[in-house]
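> Structure incoming, see below.
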Amino acid sequence: MLLIYCPHCQEYREEEEFSYGGEAHIMRPLAPDALSDKDWGDYLFFRTNARGIHHEMWYHAVGCRRYFNATRDTVTYEILETYKTGTQPTITGANS
Amino acid sequence: MSQNRVASHTGAAIDFTFNGKAYQGIAGDTLASALLANGVDVVGRSFKYARPRGIFGHGAEEPNAIVQLGSGAGTVPNLKATQIELYQGLQASSVNGWPSVNFDLMGLIGAFGRLMPPGFYYKTFMYPKKLWMTYEHFIRKAAGLGATPVEADPDSYDKLNQHCDVLVAGAGPAGLVAAREAARTGARVIIADEQSQFGGSLLASKQQVDGIAAPLWVASLVAELMAYSNVQMLPRSTVFGYYDHNFLTILERRTDHLGAVSTCGTRQRLHRVRAAQVVLATGAFERPLVFAHNDIPGVMLASSVSTYVNRYGVAPGNKLVLFTTNDNAYQTALDWQGTGREVVAVIDSRRNPCGEIVAAVAAMGIEVIAGHGLIEAQGGKRVKRALVAPINEAGTQVTGAVRRLDCDLIACSGGWSPAVHLSSHTGAKPQWDENIVAFRPGNSKQQERSAGACRGTFDLQGCLSEGASAGADAALLSGYGDGSPQFPQIAVEEYIEEPQQALFLVPHTKPTSRAPSQFVDFQLDVSASGIELAVREGFESVEHIKRYTALGFGTDQGKLGNINGMAILANALDQTIAETGTTIFRPAYTPTTFGAIAGRDVNQLFDPERYTAVHRWHVEQGAKFEDVGQWKRPWYFPQQGETMQQAVDREGLAVRNSLGILDASTLGKIDIQGPDVAEFITRIYTNSYLKLAPGKCRYGVMLKEDGMIFDDGVCACLGDNHYLMFTTTGGAADVLAWLELWQQTEWPELQVYFTSVTDHWTTATVSGPNARRVMAKVCTDIDLSNEAFAFMDWRDGTVAGVKARVFRISFTGELSYEVNVPAHYGRHIWETLIAAGEEFNITPYGTETMHVLRAEKGFIIVGQDTDGSMTPADMNMDWVVGKNKAFSFIGKRSLQRSDTVRANRKQLVGLKTLNAKEVLPEGAQVVFDAEQKIPMAMQGHVTSSYFSASLGHSIALAVVKGGHDRLGQVVYCPLADGRSIAAEIVSSVFYDPKGERQHV
Amino acid sequence: MFNGIKLESPLFYFQTSFNKSAAADELFNAEAECGLVVKEAPLSAQLILRGDGSDTLFCAAIAKTLGVVLPLAPGTYHQQGNTSIYWLGPSEWLIIEVGGQAQKIEIALRKALKGHIAIVDVSGGQTSINLRGAGVATVLKKSTVYDFEAWDLATPISGCAAQTTFAKASALISNRSDGSYNLVIRRSFADYIALWLLDAGEEFGCRIEQG
């Protein structure tokens, strides 16, 4: 059970209020139709699956209904920071 | 007066029974202390060899006295007698020892104990496989895993979500002072202890603390804590799990001490605690010594003997031999001497014990036999004598003649093992410390610190100092106080102790493999020779040895035997204990009831039941309900004597021939406003909404980015910049999150706001040839003519006196109006329509009829006819895909992937059985050749299947490989009973293929 | 033709079904102070308001139209008379007017507000209930994972509010100046939540007061 700081509600909330949104900072290609099957497949299916620092989206489903990002250590489950969508993390790992 | 009760110890008498026999204890007893007071030696039989076993410990470490409490619905298996508070009328029985503890069948096996080496079950009960169920039944019954109640649990359990600044686990000396230091800073403090009374080891201590007797000092400290409004004290409460981000679980036993079934509210309460800081003060377990036949009743832990004497006034025997490797246990000799009973001798494995307390014991005239080991206990159902022999300095060999000491009680102590369980739950790896001959907690992974004995600090002065610092530190880090304790030092009276000896296996005159069993894990009969044998058979990892020998697998989870086992293993592997390591402790620390984990989420509160505003009407009409997500939707409305099929036939024919009414309120509804709505939803849906005018509706399908159908529904343009999106009942929340995802993270420049209005509207759908006539009776301000209000239009108006939105959309293929009003008016609008429709025999229909009617029309249901692997083309719905839209809508690119364009994808078709009355089972597999050998080549499956009363034959929808090119082909659905049903592939639209009826 | 239109609040049937039960006297009429008293404030006007809180014109128009200053701090609400505005998210608020009419409020707001905004009538979809009594704090601990003890006390014109899980449903929970709590819950979950509250309050003695 994680304790997650919602950058919009500006307080820590219990994990059960949130749902996980997958890896953050993946841009949708601007011209999907111009991509090869392989490049489109990379965007669709392939994720970094980092061991350690990972940037990921969370949705405050039962709270303010905002998506935001978290930097989480996938080994210790420690959440090192949360930040609003559209901003950049201050903590980055080797894979970032 | 029971035979073993110390005369000075009195209390109110309490009657109880054990294994059917009546006994008496006194107030304050545990079941264990009461049994010992009554001279009950044998309390169970061991798991494998069925050896008689007696009470060994006094707390959570107890391996032998495992009992079944109560009977009937309230019975609880596998409780430790040492943790059961005695109450009037308590009934308990041994879980081990079928059919009785004093003589049993398995006792015979005990005589052949050597036939049951480690891995016995793996090796013996392998073949033949079909007999395994028989073996298992026998093993379980004989092994005594307790009986689970077969009736529903009569008790009530609940959960409390707690938040605090400082959680203190354990209310022994370290925990109590930690709580006090944290409390005085104003921090919110929770202190929990598994015992009925706070004080831990001090409750059984004869020491002076701060100038007064230890139990009195505890009482004054507890009183002080109770006066703080910011302190929550939880006795009878075990902190049993430590999870991520300082989340801990505590099981509070609120009524277990009063009776088997609670008569006064919640039996157990699960506290789910989020703590800013944690102080672990969980104490330590005394380690037994591993010598031959150390499991005979009458062998106990030294501290347990002291606890029974000092706290419960019970002297469990007459003639004591104390066997120790350390100074600490000498206190037991003093305590025993205090009862007036005989201390035969103290056996000390060390050559020259010279601590202060050793001198004190010798001064009492008690014989101290140094440099010796107690190598074997003898006796049957009770210890009769101890064999004692000189051993070498390393403690590995017997070096001289064996001496026999007559006794009926052996107290042993191999030192203390910190209870590092909770810190282990956090992932902290216990560290071996040669100085204390024990594992200490590993480096903190969370906001916690250990204090006192669980940190490896065993002197009282040290425990109190550490507790005070830990409490002040935890408070400071949670934002309270200055971090310096108010009482850094508390005066105590205690002996200064000399170093102990590390002795994990006491040598015997015979080698381990031939000596009488030297037990390491009592509950599962793991012996030193068993561990050595496992090593000889090639096991090296501590985790593998654990699973092969079952070391630490019992309900005590190795609290007693683990360290000795690791050390014996290390020795057999010729490596250090630090190199060998320990197994990982995981939650739960002690067994926890399922009732507490379920809490109030049982029976009618198990899962929310969501109701529409018309729900009570459906109930009054005798509707049968179907669960759709959490919604209760009317399934069908049986009239007297009707079967489900008859009801569905009647309801369906009513819609086709006259008029039906459906409660469609559960459909998801999302209000969308903003200048970019049309652009936004055009990116989400496969088709375009850029030119949809106010007053118009359009059916849309949305895909996931992989091109697969995710949800569908109608979207209506309410006005400029204002749309209403309908979703499936089950997809409402997911679709809203999906819309928010794209707007917030990918296209924040698009100005759109989404609001769920699912609950706001009641939707009553009138459908059938007479729908316009009934609408005309209740609505006068909308021109209902087909010209003014066409199919796929919507209008604002007044229906039954209520402002309403009316949509001309149809899921039945008939003329339909969906009337939407705010839900406060839900029942009013419904009953008004029912009354107005009476002349047309208006017929309420449920989800089953709705399914049949839409299947007749070939309309898909997302999630039934699709399964997350279907594209619009697979569903024969290419018409809904806007291929020329400027923006590459979600999922579009995936529709061109090599896999989504291949020819033999499963495609939606209709199936018409050759025998018109035969209804295919949903989920049936489709094959092209029914005569082929098994396994057959499966070509698809049936997704929807019904009997259609309107058509007079069965209909089915199926997905079949390359199905769109196979119209007219006969396929087969092989059934489990060996039959195959033949069906012809037809168009998926069975009824009114031109769609004329909904346009009238 | 349609005189006497009967409105039913989300807890209408829950209340009437308990009216019929043997426990009705205890549940409704007992004057004795109970540990938990549940009271619905039925049929109030409830609207979702969306817009840009950093737009001073937007805020000023709200204040002028509703007589309540828009709360911009997360987790707060403002109240004047029968009207409250709750912060729900960075661009989202809930307006509740006890005894008000949503349509009137919507028309007034649409007239006053410019630019990218949204106003949605959700009155039919939710209801407010008030919880008071000595057992309320414990009932909330049984029902939600939120830490209400960390809140500042409410005044007659402002207080704290949080959207969170409530049992297996959800609620917008706020504190009131009299020490009680208000819950805004969804219609379809109302019966479940009422049952849950009766169960959670049982140990203190629980009463339902007619709204």
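The values are calculated or read from the model by the stated rules, or taken from the named source; none is laboratory data. In this text the structure is predicted, and so the values were computed from the model without any measurement. Positions of Cβ are backbone-derived with ideal geometry, glycine not excepted, and every protein chain shown enters the neighbour counts.
> Restricting attention to the range B:885-904, which residues are touching an Asp or Glu at 6+ places or on another chain (Cβ under 8 Å) and either buried (at least 20 other Cβ atoms within 10 Å of the Cβ) or at the interface with chain A (Cβ under 8 Å from one of its Cβ atoms) (or both)?
Answer for the range B:885-904, where residues must be touching an Asp or Glu at 6+ places or on another chain (Cβ under 8 Å) and either buried (at least 20 other Cβ atoms within 10 Å of the Cβ) or at the interface with chain A (Cβ under 8 Å from one of its Cβ atoms) (or both): B:S888, B:I890, B:G891, B:K892, B:R893, B:S894, B:Q896, B:R897, B:S898.
> Still on this structure, please answer the following. Could you tell me whether any residue of the range B:184-192 is out of contact with any Gly (no Cβ under 7 Å at 6 or more places or on another chain) and under 20 Å from B:S303 (Cβ atoms)?
No, the range B:184-192 has no match at all.
> Please work out if A:E15 is within 14 Å of chain C (Cβ to nearest Cβ), within 17 Å of A:L3 (Cα to Cα) and of a type in the set (D, E). Before you say what the answer is, go through the steps one by one.
Details: within 14 Å of chain C (Cβ to nearest Cβ): yes; within 17 Å of A:L3 (Cα to Cα): yes; of a type in the set (D, E): yes.
For A:E15, the condition - within 14 Å of chain C (Cβ to nearest Cβ), within 17 Å of A:L3 (Cα to Cα) and of a type in the set (D, E) - is met.
> Of all residues in the range B:579-622, which are within 30 Å of B:I661 (Cα to Cα), within 12 Å of another protein chain (Cβ to nearest Cβ) and assigned to a loop (DSSP other than H, G, I, E, B)?
B:D607, B:P608, B:E609, B:Y611, B:T612, B:A613, B:V614, listed by residue number.
> Another question about this same structure. Would you point out which residue out of B:L741, B:L750 is outside any strand (DSSP E or B), surrounded by fewer than 21 Cβ atoms within 10 Å (Cβ to Cβ) and within 11 Å of chain C (Cβ to nearest Cβ)? Walk me through how you get there before you give the answer.
On the way: B:L741 fails: within 11 Å of chain C (Cβ to nearest Cβ).
Exactly one of B:L741, B:L750 is outside any strand (DSSP E or B), surrounded by fewer than 21 Cβ atoms within 10 Å (Cβ to Cβ) and within 11 Å of chain C (Cβ to nearest Cβ), namely B:L750.
> Filter the range B:213-240 down to residues that are more than 30 Å from A:I4 (Cα to Cα) and among the small types (G, A, S) and give me whichever is surrounded by the most Cβ atoms within 10 Å (Cβ to Cβ).
B:A214
> Which is under 21 Å from B:Y330 (Cα atoms) and surrounded by fewer than 19 Cβ atoms within 10 Å (Cβ to Cβ), of B:A377, B:A362, B:A401?
B:A362
> Residue under question is B:I531, and the condition is that it be outside the structural domain of B:D295 (by TED's automatic domain parsing) and touching a Ser or Thr at 6+ places or on another chain (Cβ under 8 Å); does it hold?
Details: outside the structural domain of B:D295 (by TED's automatic domain parsing): yes; touching a Ser or Thr at 6+ places or on another chain (Cβ under 8 Å): yes.
Against the criterion (outside the structural domain of B:D295 (by TED's automatic domain parsing) and touching a Ser or Thr at 6+ places or on another chain (Cβ under 8 Å)), B:I531 qualifies.
> Which residues, counting only those in the range B:790-811, are in a loop (DSSP other than H, G, I, E, B), crowded, with 23+ Cβ neighbours inside 10 Å and within 12 Å of chain C (Cβ to nearest Cβ)?
B:A800, the sole residue that qualifies.
> Now for a separate question. I'd like the residue in the range C:90-137 that is aliphatic (A, V, I, L, M), within 12 Å of another protein chain (Cβ to nearest Cβ) and within 16 Å of the chain's Cα centre (by Cα) and, out of all such residues, is farthest from A:Y59 (Cα to Cα).
Taking the range C:90-137 as the starting set, the residues that turn out to be aliphatic (A, V, I, L, M) are C:94-96, C:98, C:102, C:105, C:107-109, C:112-113, C:117-120, C:122, C:129, C:131, C:134, C:136-137.
Next, only the ones that are within 12 Å of another protein chain (Cβ to nearest Cβ) stay: C:94, C:102, C:113, C:117-120, C:122, C:137.
Next, only the ones that are within 16 Å of the chain's Cα centre (by Cα) stay: C:94, C:102, C:122.
Details: C:L94: 20, C:A102: 30, C:V122: 23 Å.
Per the criteria, the residue is C:A102.
> Quick check: is even one residue across the range B:31-51 outside any loop (DSSP other than H, G, I, E, B), out of contact with any strand residue (DSSP E or B) (no Cβ under 7 Å at 6 or more places or on another chain) and at pLDDT 95 or above?
From the range B:31-51, those outside any loop (DSSP other than H, G, I, E, B) are B:31-37, B:44-45; that's our starting set.
Next, from what is left, pick out any that are out of contact with any strand residue (DSSP E or B) (no Cβ under 7 Å at 6 or more places or on another chain): B:32.
Next cut, at pLDDT 95 or above only: B:32.
Yes - at least one qualifying residue is present in the range B:31-51.
> Are there any pairs, at least 6 apart or on different chains, whose C-beta atoms fall under 8 Å, with the first in the range C:182-202 and more than 7 Å from chain B (Cβ to nearest Cβ) and under 11 Å from C:S170 (Cβ atoms) and the second modelled with pLDDT under 95 and not in a helix (DSSP H, G or I), and if so, which?
Note: pairs meeting the criteria are C:I185/C:P10.
> Show the residue pairs that are 6+ apart or on different chains and have beta-carbon atoms under 8 Å apart, the first residue being within the range B:580-597 and within 23 Å of B:I568 (Cα to Cα) and buried (at least 17 other Cβ atoms within 10 Å of the Cβ), the second being of a type in the set (G, A, S) and modelled with pLDDT under 90.
B:T583/B:G552; B:T583/B:G558
> Let me ask you something else. Mind listing whichever residues of the range B:479-491 are buried (at least 21 other Cβ atoms within 10 Å of the Cβ) and in contact with a strand residue (DSSP E or B) (Cβ under 9 Å, 6 or more places away or on another chain)?
Keep residues of the range B:479-491 that are buried (at least 21 other Cβ atoms within 10 Å of the Cβ), which gives B:480-481, B:485.
Of everything in the range B:479-491, just one residue is buried (at least 21 other Cβ atoms within 10 Å of the Cβ) and in contact with a strand residue (DSSP E or B) (Cβ under 9 Å, 6 or more places away or on another chain), namely B:Y480.
> With respect to the numbered conditions (1) within 14 Å of chain A (Cβ to nearest Cβ); (2) touching a Pro at 6+ places or on another chain (Cβ under 8 Å); (3) within 30 Å of C:E8 (Cα to Cα), which one is the sole condition not fulfilled by C:I85?
That leaves (1) as the condition not met.
> Inside the range B:627-655, can you point out the residues that are out of contact with any Pro (no Cβ under 8 Å at 6 or more places or on another chain) and either within 22 Å of B:V1000 (Cα to Cα) or among the aliphatic types (A, V, I, L, M) (or both)?
B:V628, B:V648, B:G652, B:L653, B:A654, B:V655
> Could you please find all residues in the range A:18-47 being over 30 Å from B:N884 (Cα atoms), surrounded by 13 or more Cβ atoms within 10 Å (Cβ to Cβ) and away from chain C (no Cβ under 14 Å)? Give the derivation first.
Taking the range A:18-47 as the starting set, the residues that turn out to be over 30 Å from B:N884 (Cα atoms) are A:18-24, A:47.
With surrounded by 13 or more Cβ atoms within 10 Å (Cβ to Cβ) added as a condition, the list becomes A:18-19, A:21, A:23-24.
A:G21, A:E23, A:A24, listed by residue number.
Here's the yes/no breakdown for (1) in contact with a helix residue (DSSP H, G or I) (Cβ under 8 Å, 6 or more places away or on another chain); (2) more than 14 Å from chain C (Cβ to nearest Cβ); (3) over 30 Å from B:E918 (Cβ atoms):
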residue	(1), (2), (3)
B:E626	yes, yes, no
B:V655	yes, yes, no
B:L662	yes, yes, no
B:G668	yes, no, yes
B:F680	yes, no, yes
B:Y689	yes, yes, yes
B:C697	no, yes, yes
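> If you don't mind, there's one more thing I want to ask. Sort out for me the strands (runs of 3 or more DSSP E) sitting completely within the range B:914-1000 that have 1 or more residues that are without any contact (Cβ under 8 Å) to a residue 40 or more places away in the chain.
Values: elements: B:940-948, B:953-961, B:970-974, B:980-986.
Filter on the range B:914-1000 gives B:940-948.
> To continue, here is another question. Does any residue of the range B:812-823 turn out to be within 14 Å of chain C (Cβ to nearest Cβ), modelled with pLDDT of 95 or more, in contact with a Phe, Trp or Tyr (Cβ under 6 Å, 6 or more places away or on another chain) and closer than 26 Å to B:G652 by Cβ?
At the first step, the residues of the range B:812-823 found to be within 14 Å of chain C (Cβ to nearest Cβ) are B:819-823.
Narrowing further to those that are modelled with pLDDT of 95 or more: B:819-823.
Next, from what is left, pick out any that are in contact with a Phe, Trp or Tyr (Cβ under 6 Å, 6 or more places away or on another chain): B:820.
From what's left, closer than 26 Å to B:G652 by Cβ: B:820.
Checked the range B:812-823: at least one residue is within 14 Å of chain C (Cβ to nearest Cβ), modelled with pLDDT of 95 or more, in contact with a Phe, Trp or Tyr (Cβ under 6 Å, 6 or more places away or on another chain) and closer than 26 Å to B:G652 by Cβ.
> So the check is Cβ under 6 Å with 6+ separation or different chains; which pairs have a first residue in the range B:627-653 that's surrounded by fewer than 20 Cβ atoms within 10 Å (Cβ to Cβ) and a second one that's small (G, A, S)?
Once the first residue is surrounded by fewer than 20 Cβ atoms within 10 Å (Cβ to Cβ) and sits in the range B:627-653, its partners that are small (G, A, S) give B:G629/B:G730; B:P638/B:A647; B:D649/B:A949; B:L653/B:A949.
> Just name the residue that is nearest to the other protein chains (Cβ to nearest Cβ) out of those in the range B:719-738 that are surrounded by fewer than 20 Cβ atoms within 10 Å (Cβ to Cβ) and part of a strand (DSSP E or B).
Only one residue fits best here, namely B:H722.
> Still on this model: From the set of residues in the range B:159-187 that are charged (D, E, K, R) and surrounded by fewer than 24 Cβ atoms within 10 Å (Cβ to Cβ), which is farthest from B:A214 (Cα to Cα)?
Ranking the qualifying residues of the range B:159-187, first place goes to B:K159.
> In this structure, is B:Q501 more than 30 Å from B:R274 (Cβ to Cβ), crowded, with 23+ Cβ neighbours inside 10 Å and not hydroxyl-bearing (S, T, Y)? Lay out the reasoning, then the answer.
Working: more than 30 Å from B:R274 (Cβ to Cβ): yes; crowded, with 23+ Cβ neighbours inside 10 Å: no; not hydroxyl-bearing (S, T, Y): yes.
Against the criterion (more than 30 Å from B:R274 (Cβ to Cβ), crowded, with 23+ Cβ neighbours inside 10 Å and not hydroxyl-bearing (S, T, Y)), B:Q501 does not qualify.
> How many residues, within the range B:526-541, are surrounded by fewer than 22 Cβ atoms within 10 Å (Cβ to Cβ), in contact (Cβ under 8 Å) with a residue 40 or more places away in the chain and not in a loop (DSSP other than H, G, I, E, B)?
Qualifying residue count, the range B:526-541: 2.
Conditions (1) surrounded by fewer than 24 Cβ atoms within 10 Å (Cβ to Cβ); (2) outside any loop (DSSP other than H, G, I, E, B), marked per residue:
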site	(1), (2)
B:Y242	no, yes
B:G259	yes, no
B:T266	yes, no
B:R269	yes, yes
B:V278	no, yes
B:F285	no, yes
B:L289	no, no
